[in-house]
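The values are calculated or read from the model by the stated rules, or taken from the named source; none is laboratory data. All of these numbers come straight from a predicted model, not from anything done at the bench. Please note: Cβ atoms are built from the backbone with ideal geometry, for glycine as well, and neighbour counts cover all protein chains shown.
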Amino acid sequence: MATIIKAEKLSKLYKLAAEIIHAVDGIDFEIQSGEFLAVMGPSGSGKTTLLDIIGCLDSISGGRLEILGKDVSRLPERKLVNIRRGRIGFVFQDFSLIPTLTAMENVRYGGWLAGRNTSPDKAMSYLDKVGLAGRAAHLPRQLSGGEKQRVAIARALAVEPEILIADEPTGHLDSVNSQAIVDLLIKLNAKDGLTVILATHDIGLGNQCSRIISLRDGKIVA
Ligand SMILES: Nc1ncnc2c1ncn2[C@@H]1O[C@H](COP(=O)(O)OP(=O)(O)OP(=O)(O)O)[C@@H](O)[C@H]1O
Ligand SMILES: [Mg+2]
C-alpha cells in the first residue's frame, strides 16, 4: 500500500494574547492508502486540529507534512486549496448542508465546489450509494439527522475524493443512526478503497476502524 500522508515532528501552535497552545505537538505518523483510521482522544486533545491540517484546511506551524505526494509544510492556507480540491472530501459533526438547497442540489454543489461537473444522474448515484435516492428532492429540514449526515457523505463523494475526512460524524446522532453511518463508511472503505480518517470520542466506533491513533494534549499516546 502507498503512503498518502506522512508527518514528521508535525506541530500546530495557536498564539493567543498570553499563551501559546500546542494543539498538535511534534507528532510522527504515516497513513497508507486504503486505511480506515480513527483519531481518538479527550476533548481538546487536538483531533479537529489534526484533521484540519491533514485535510489541507489549515497550515502547520512546524515539522514536515506530505499529503498525496506533495510536501505541504510551507504552503500558506490560500495555496492549500489546490492540494485538497477534488482530492479530499469532508464530513462534519453538524452536517453543514445548505438549508435552501435540496439533497440533490447539496450533492451537486459539493461536486461543483471541488471542480467536478456532477450531473443530476451522478448526484443521484451518490444519493443511492448512501441509501437516499428516495429523498433527493427533500430540503435539509425535511430530513432526519441520520439522513442529513448521509446526504453530507453523498456530497463528499461528489468530490470524487481519495481521502474522506470525517470529524465526529456521529456526534449529533443516536446510537442506531451512528452505527448506520459507520457501516456506510466501512462499506465505502472496503468496497471502493476510499481512505477514511475519522475523529471520534466513541471507543465502540473507533474499534471498528482498522487502526486508532490516540491523542492527548496534542501528542500521540497509543
Ligand atoms: N482557532 C483556535 N485558536 C486558538 N486555540 C485553538 C483553536 N482551535 C483549537 N484551539 C485549541 O487547541 C486545542 C485542541 O483543540 P481541538 O479542537 O483540536 O480539540 P479536539 O480534540 O477536536 O476537541 P473536541 O473533542 O472537543 O472536538 C484546544 O486546547 C483548543 O482550545
Ligand atoms: Mg474536535
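Below are the figures for this structure:
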| read-out | value |
| --- | --- |
| Selection count where residues are more than 14 Å from ligand 2 (Cβ to nearest atom) and in contact (Cβ under 8 Å) with a residue 24 or more places away in the chain, scope region 191-205 | 6 |
| Complete set of residues in region 135-157 that are buried (at least 24 other Cβ atoms within 10 Å of the Cβ), without any contact (Cβ under 8 Å) to a residue 60 or more places away in the chain and of a type in the set (A, V, I, L, M, F, W, C) | 151, 154 |
| In region 177-222, residue modelled with the highest pLDDT [restricted to those that are farther than 19 Å from residue 2 by Cα and among the hydroxyl-bearing types (Ser, Thr, Tyr)] | 214 |
| Output for region 73-89, where each listed residue is touching a Ser or Thr at 6+ places or on another chain (Cβ under 8 Å) and either assigned to a strand (DSSP E or B) or surrounded by 13 or more Cβ atoms within 10 Å (Cβ to Cβ) (or both) | 75, 80 |
| Among the candidates 115, 110, 171, residue that is within 26 Å of residue 36 (Cα to Cα), at pLDDT below 95 and not hydrophobic (A, V, I, L, M, F, W, C) | 171 |
| Region 128-149, subset part of a helix (DSSP H, G or I) and out of contact with any Leu (no Cβ under 9 Å at 6 or more places or on another chain), residue farthest from residue 85 (Cα to Cα) | 142 |
| Count of region 10-21 residues which are more than 16 Å from ligand 2 (Cβ to nearest atom) and under 20 Å from residue 48 (Cβ atoms) | 7 |
| Candidate set from region 5-25 (those that are more than 13 Å from ligand 1 (Cβ to nearest atom) and surrounded by fewer than 16 Cβ atoms within 10 Å (Cβ to Cβ)); member that is nearest to residue 194 (Cα to Cα) | 8 |
| Counted residues, region 26-60 - those being among the polar types (S, T, N, Q), more than 8 Å from ligand 1 (Cβ to nearest atom) and either surrounded by fewer than 17 Cβ atoms within 10 Å (Cβ to Cβ) or within 17 Å of residue 92 (Cα to Cα) (or both) | 2 |
| Inter-residue pairs, beta-carbon under 6 Å, first over 17 Å from residue 205 (Cβ atoms) and in region 30-53, second assigned to a loop (DSSP other than H, G, I, E, B) and more than 9 Å from ligand 1 (Cβ to nearest atom), 6+ apart | 32/1; 33/1; 33/2; 34/1; 34/193; 53/60 |
| Single residue of 71, 58 found to be without any contact (Cβ under 8 Å) to a residue 40 or more places away in the chain and within 30 Å of residue 8 (Cβ to Cβ) | 71 |
